[in-house]
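The values are calculated or read from the model by the stated rules, or taken from the named source; none is laboratory data. Since the model is a prediction, treat every value here as computed from it, not as a measurement. Methodologically, a virtual Cβ is constructed for each residue, glycine included, from the backbone with ideal geometry; neighbour enumeration extends over all protein chains shown.
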Amino acid sequence: MLTVESLTKRYGNRTAVDGLSFTVRPGTVTGFLGPNGAGKSTTMRLLVGLDAPTSGRALIDGRRYADLPAPLREVGVLLEARSVHPGRTAFRHLMALAHTHGIPRRRVEEVIGTVGLQDVAGKRAGSFSLGMGQRLGIAAALLADPAVILLDEPVNGLDPEGVRWVRTLLTSLAAEGRTVFLSSHLMSEMAQTADHLVIVGRGRLLADTTVERFVREAGLGRVRVVTPEADRLAGLLGDGAVREAPDTLRVTGTDAAHIGRTAAAHGIPLTELSPHTASLEDAFMELTRDTVEYEGRAAAA
């Protein structure tokens, strides 16, 4: 289990993480989301002792990473796929890690097979593509068979087959009762992989909820209505009804059942009554729109 308690990290005048608290529990895949600059990578670095908090605590099974007697056996970490000596082969890189914890050679060979690098295990890591580097990083995270898995953008650079493989791997690890915590910018992939979400913006917690609830609540109260008597129905529904077209309303603040009953009671025909179904991306963009640090603009025509 991962526990973050009132965690704060400042770099000079800039606050990267601001009083953050959440818990990542075993048996689920927890997605860590936020706009660029939201503090996700800093939080992960604090969890594994690469940075020291200004205040608060980041704990792995109740202990600081620095206090773990055998860190690889407690938590598997992938923060940067390229953090491998480029002149060392994949096999030698993993063997070097294995020697630090008394892990046998057969386990190294096993994880190389698990991540699909058996054909390139003797090649130097400096020649690897980004996707191959990701697989090597995941192999290192799995090497000591830890109960906690912490991965930052694990599908970055992977092809569709590789993305599906990571999804299957992570869900199977969670099904074994492990704690799985990962960040990703791919909303469609997170929607298929994660059970729970921790969402941050400008270093602060915005949401700590299940994927299903987050998406469901994002879609509540928005209904598309098509009727030849749009003006009349809008008058009955009040300020929540906004005209999108001569025969189309977007209604907020109520549900489809109430709209249907209102129309029926006044003899207003409806040709469409569609509650809005939000995607994870829709819900995320709506929640974080005021916390985006780097925002693009459309080019002028």
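Quick look at the values:
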item: Checklist (1) surrounded by fewer than 17 Cβ atoms within 10 Å (Cβ to Cβ); (2) charged (D, E, K, R); (3) under 28 Å from residue 103 (Cα atoms); (4) out of contact with any helix residue (DSSP H, G or I) (no Cβ under 7 Å at 6 or more places or on another chain) applied to residue 164, failing item; result: (3)
item: In the range 256-287, the residues that are outside any loop (DSSP other than H, G, I, E, B), over 18 Å from residue 197 (Cβ atoms) and touching a Leu at 6+ places or on another chain (Cβ under 7 Å); result: 256, 259, 260, 262, 263
item: Residue satisfying all of: in the range 171-199; out of contact with any Pro (no Cβ under 6 Å at 6 or more places or on another chain), among the hydroxyl-bearing types (Ser, Thr, Tyr) and over 18 Å from residue 287 (Cα atoms); surrounded by the fewest Cβ atoms within 10 Å (Cβ to Cβ) among these; result: 172
item: Flag for residue 28 being assigned by TED's automatic domain parsing to the domain that holds residue 80, out of contact with any helix residue (DSSP H, G or I) (no Cβ under 6 Å at 6 or more places or on another chain) and in contact (Cβ under 8 Å) with a residue 60 or more places away in the chain; result: no
item: Residue in the range 143-150 that is among the small types (Gly, Ala, Ser) and at pLDDT 95 or above present; result: yes
item: Selection count where residues are hydroxyl-bearing (Ser, Thr, Tyr), modelled with pLDDT under 90 and touching a Phe, Trp or Tyr at 6+ places or on another chain (Cβ under 9 Å), scope the range 180-212; result: 1
item: Selection count, the range 37-61, where residues are under 15 Å from the mean Cα position of the chain (by Cα) and aliphatic (A, V, I, L, M); result: 2
item: Helices (runs of 4 or more DSSP H) (entirely within the range 46-128) containing at least 3 residues that are farther than 26 Å from residue 2 by Cβ; result: 90-100, 105-114
item: Members of the range 88-111 that are free of Cβ contacts under 8 Å to residues at least 40 places away in the same chain and either touching a helix residue (DSSP H, G or I) at 6+ places or on another chain (Cβ under 6 Å) or of a type in the set (D, E, K, R) (or both); result: 88, 92, 95, 105, 106, 107, 108, 109, 110, 111
item: Matching residues in the range 141-167 - criterion: being assigned to a helix (DSSP H, G or I) and within 19 Å of residue 25 (Cα to Cα); result: 141, 142, 167
item: Filtered residue count, the range 66-115, keeping only those that are acidic (Asp, Glu) and crowded, with 16+ Cβ neighbours inside 10 Å; result: 1
item: Residue check, residue 43 outside any loop (DSSP other than H, G, I, E, B), of a type in the set (S, T, N, Q) and either crowded, with 21+ Cβ neighbours inside 10 Å or not assigned by TED's automatic domain parsing to the domain that holds residue 121 (or both); result: yes
